[in-house]
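What follows is a short report on a single structure.
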Amino acid sequence: MTEMQNPLIVDGKSCGSLLQELQQIWDEVGESDAERDMMLLQLEQDCLDVYKRKVDEASQSRAQLLQTLEDSRAELTNLLSALGEHSFPGLPEKPTGTLKEQLSAITPVLEKLWQQKEERIKQFLDIQVQIQRICGEIAGKLQLNEPTATPKVDDQDLSMKRLDEFHFRFQELQREKNDRLHKVLDYVSTVHDLCAVLGIDFFSIVMEVHPTLSDSVSIQSKSISNDTLAKLANTVQSLKEEKKQRLQKLQELGTSLTELWNLMDTPVDERRLFDHMTCNIAASVDEVTVPGALAIDIIEQAEVEVERLDQLKSSKMKELALKKQVELEEIYRRAHMEVDSESAQEKLMALVDSGNIDPSELLASMEEQICKAKEEALSRKEIMEKVEKWMSACEEESWLEDYNKDDNRYNSSRGAHLNLKRAERARVLVNKIPALVDTLIAKTRSWEDERKTTFLYDGVPLLAMLDEYTVLRQEREEEKRRFRDQKRFHEQLTTEQESLFGSRPSPSRQLSSKKGAASRTNGSSANGTPLNRRLSLGGQQVGTNGVTPVRQGMSASKEGKREHSRPGALVNYVALAKEDSISQVSENESALSSP
């Protein structure tokens, strides 16, 4: 160690040399040993005091360094705890080295942790500001462009776990905000569509709900509070109710217009002028989307037109009433229900002329009668269809009998094959007549039991017609059976005569017999009246107009000839059939008894 570096050398002199110099001085001075000892003792005391002072200073410095190190470690622990960290990169697990080395190792870590804490506080502040703003928007406490108050950050818990919790909370609130925003936009869109259909100012409606709902405000700035959603829902509900009421009103007016047009035969061109009023008569509320379709002026126009047509209808009441009466009579006619047309029209005109009834009430009453007539006709429809089938079958039976009497029906004449096919179809149809009549009788009785009234066909009881027809058909079948028995008896008698006398009858007798047999085969009575023609179809004789008496009797009410109705005609046919059968039996017996 050099002289300058040795702490015991001052100004080139060491403590030893100074002590020697002091000894020399004392020797020259002649200091006593006591003085010398006292001065040396003082000198040692001074040295001790200096050392002691230095030790105290060093001890105090060490204590401060220890305190600083302890504070740094405590701060390190607090920072790690606040940040939610258990360790930090670069921080030794165990303290080693001198105090200054340990402090030097902790200081840069503390600086990094402080920096990280500041960044974490900023992150917490940002996320809490966003959460606070969304909560304020949901609660409706924030106005448009109003700044958000700075939230307080808890710097004792800045862990990533807590930050993640704030982020999760923010995401939930963001989703809720988006959902609410979508609801708001949907409501606003619905309000816009409803206002367009109803012809109402959309801007004034939404501004009453909240100023942020106008188109000038960005989407993210629109109000999403519970109060705004509730007001929008109420607005949509009220507009839908208004739309429903207006549509119902317009449909009623459109229906009235259509009925009045139909009553007064309004031209199509005139009707087209009001298509925008009548096009939604059958539409549902959701189907009406055309802008202005339910505007108040459209409804007012429809009301004015209906009022005008009502006044016009009153002046044309007679024409309308007669038209309804004709419609009613046509329903009765098609259903073959009896109605006195002239009397009904006279009463109707007298009622209109009297002015004692409101035209609308009269038309409504006639509409009610038409509805009842349609219901009655509908209840008779199945029976009427079977009656028509029965009549058609009877006509086919009459034609078939005439066809069977034609000796030239098998000739190869023009159209013979068509008649043959028709005869085959007619036989099938005729064979179904008994079952058809039984079914018709059963259904008619069921109808009468259900309604406690008689089923009339053009004023004639249908069951009476069917019963008489059944009786006539049975008598006709019985007459055919007796005729077949007589024919077999005659053939047997002729065979026995030939076997007894051993010769054939004379030509004149044979000719006479053939004429008699031909006459009987053709069904003619003694006076030349064709019996089979009168008895065909149980007494359905074809008249000069080609219509059977059954159909003539059924249509007698329309022609005003009730004396030729079906029951009376059937009774006459029964009497004629009985007389012809008696005459035929007498002729056969006389022919058989002659030699």
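The values are calculated or read from the model by the stated rules, or taken from the named source; none is laboratory data. No experiment lies behind these values; they were computed from the predicted model shown. Neighbour counts are summed over all protein chains in view; Cβ atoms, including those assigned to glycine, are modelled from backbone coordinates with ideal geometry. These accessible areas exclude ligands, DNA and RNA; they are computed on the full protein's heavy atoms, side chains included. Shrake-Rupley method; radii C 1.70, N 1.55, O 1.52, S 1.80 Å.
In order along segment 122-135, the Karplus-derived 3J(HN,Hα) couplings, from 6.51 cos²θ - 1.76 cosθ + 1.60 at θ = phi - 60°, round to 5, 4, 4, 5, 4, 5, 5, 5, 5, 4, 4, 5, 5, 4 Hz, and Gly and Pro are given as x. The relative contact order of segment 252-370 comes to 28 percent, based on Cα pairs under 8 Å that sit 6 or more residues apart. Compared with the direct C-alpha span, the chain from R409 to Q42 gains 114.0 nm at full extension, assuming 0.36 nm per residue.
Between E330 and S14, full extension at 0.36 nm per residue minus the direct alpha carbon distance yields a gain of 98.2 nm.
Of all aspartates and glutamates in the structure, those lying under 15 Å Cα to Cα from K177, and not within fewer than 8 positions of it along the same chain, are E137, D186, D227.
The Cβ shell under 11 Å around D265 holds other residues with a net charge of +1, Lys and Arg each +1, Asp and Glu each -1. Checked against a 32 Å cut-off, the cross-linked pairs K249/K313; K240/K318; K222/K243 give Cα-Cα distances beyond that limit for K240/K318.
With the whole protein complex present, I224 retains an accessible surface near 0 Å², based on a 1.4 Å probe. Would you please name the trypsin sites (Lys or Arg not before Pro) within segment 372-429 that are DSSP coil residues with at most 10 other C-beta atoms within 10 Å of their C-beta? Counting only loop positions with at most 10 other Cβ atoms within 10 Å, the trypsin sites (Lys or Arg not before Pro) in segment 372-429 are R414. Sorting I383, I200, I25 on solvent-accessible area from highest to lowest, probe radius 1.4 Å, gives I25, I200, I383. Taking every alpha-carbon pair under 8 Å whose residues sit at least 6 apart, segment 349-450 reaches a relative contact order of 33 percent.
Under the criterion of Cα pairs below 8 Å and six or more residues apart, the relative contact order for segment 104-221 equals 24 percent. When W114, W399 are compared by accessible surface with a 1.4 Å probe, the order from highest to lowest is W114, W399. Within straight-line reach of K389, meaning a Cα separation under 18 Å, sit the following aspartates and glutamates at least 8 residues removed in sequence or on another chain: E397, E424, D438, D458, D467, E468. Surface composition of segment 17-92: carbon and sulfur atoms hold 54% of the protein heavy-atom accessible area at a 1.4 Å probe.
Within straight-line reach of K152, meaning a Cα separation under 21 Å, sit the following lysines at least 8 residues removed in sequence or on another chain: K117, K122, K141, K161. Going by accessible surface with a 1.4 Å probe and the largest first, K54, K480 read K54, K480.
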